[in-house]
Amino acid sequence: MPAGMAIAMVVTSFLIEPLGWRGIWLVSAGSALVIAILAFAGTMRSRWPEQPQIGRNVVFDWGGARATFACGALWLYSGAFILFTIQWFAIAAWMPTFLTESQGRMATAAALFSALVVATNVAGNLIGAWLLYRGVPRWLLLVEANLIMGATGALIFAGFIPDAAKIPLAIIFSTGSGVLPAAAFSGAAAHAPKPDLIAMASGLIAQGAAIGMLLGPPLMAVVVGGLGSWEDAWWCMLVCPVAGLAIAFGILTVEQKRDAALAEWRQLAALNRRRQKNFKTSLY
């Protein structure tokens, strides 16, 4: 998603004058339609004959939905995603205003710098996936992301920070926070009630991202409008990280209990296998 946003920002900066914003929307809609057609053609059953047949009388898994909604860990990850997107879109909304009004850059240059900040989030996503693969726990990635967002977000808006330092800080903010989506979607796979419900669990977490996108810009507009300026709102960038740290430690508690239960289940399973083996040996 951040890659798509960065590409859109770069392309739009060159097309906005000849096409206007209505033309940009039509181009975006046409591109989405092309991708939808390609996805439909690429996933037809004739191309994947080895896939199992789906019954004609398949009904929605209401029991699975209830089990998914009853999973507290998924709500925690969704909440972490809400807080992440509120902060991230606050910075994304601030960047063009800062670049054009404070630094006097042209609209194209402002769009390109903003796209650079957005694109670095991709690196954070990939780093987060790599760290998970190397065994770093999800809760620790959430802690790291919120600490980086809190420190850099407050400094970006602070009046005593020189303007020249704010773009590098925004890049650190975007890159460092990028590990959070990787941890959240990994949590969806880990805490889904059963493998068939991983997509539903991921959807619940994705809704957290959508809610944050919806709430973030108007919330920041209200706060900045009420306080008078971005600089006066620097402390607001500490609110979400503090709440995010609380969620991270809540996830730590939940996952410690889950890991203990899994370890106990594995011990019981191993004990049962040994008993069965001993029983078979005694029969012989």
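The values are calculated or read from the model by the stated rules, or taken from the named source; none is laboratory data. Nothing here was measured: the structure is a model prediction, and the numbers come from that model. So basically every Cβ, Gly included, is an ideal-geometry build from the backbone, and we count neighbours across all protein chains shown.
Within the range 26-52, restricting attention to residues that are in contact with a helix residue (DSSP H, G or I) (Cβ under 9 Å, 6 or more places away or on another chain) and in a helix (DSSP H, G or I), which residue is nearest to ALA115 (Cα to Cα)? The residue in question is SER28.
Residues of the range 222-235 being without any contact (Cβ under 8 Å) to a residue 24 or more places away in the chain and in a helix (DSSP H, G or I), which ones?
Within the range 222-235, the subset without any contact (Cβ under 8 Å) to a residue 24 or more places away in the chain is 222-229, 232.
Hits for the range 222-235 are VAL222, VAL223, VAL224, GLY225, GLY226, LEU227, ASP232.
Suppose the filter is surrounded by fewer than 20 Cβ atoms within 10 Å (Cβ to Cβ), touching a residue at least 12 places away in the same chain (Cβ under 8 Å), part of a helix (DSSP H, G or I) and of a type in the set (D, E, K, R); does ASP196 pass it? Yes: the conditions hold for ASP196.
Return the residue satisfying two criteria in turn: it lies in the range 96-113 and is among the aliphatic types (A, V, I, L, M) and more than 12 Å from VAL10 (Cβ to Cβ), and of such residues it is surrounded by the most Cβ atoms within 10 Å (Cβ to Cβ).
As a first pass, look at the range 96-113 and keep what is among the aliphatic types (A, V, I, L, M): 99, 106-107, 109-112.
Add one more test, that the residue is more than 12 Å from VAL10 (Cβ to Cβ), and what stays is 99, 106-107.
Details: LEU99: 23, MET106: 11, ALA107: 14.
Checking each candidate, the answer is LEU99.
Evaluate the following for VAL59: is it hydrophobic (A, V, I, L, M, F, W, C) and not in a helix (DSSP H, G or I)? Taking the combined requirement at face value, the residue satisfies it. In the range 46-75, the residues that are under 30 Å from LYS257 (Cβ atoms) and hydrophobic (A, V, I, L, M, F, W, C) form Cβ pairs under 7 Å with partners that are at pLDDT 80 or above and not in a helix (DSSP H, G or I), at six or more places apart or across chains, as follows: ALA67/PRO193; CYS71/PRO193.
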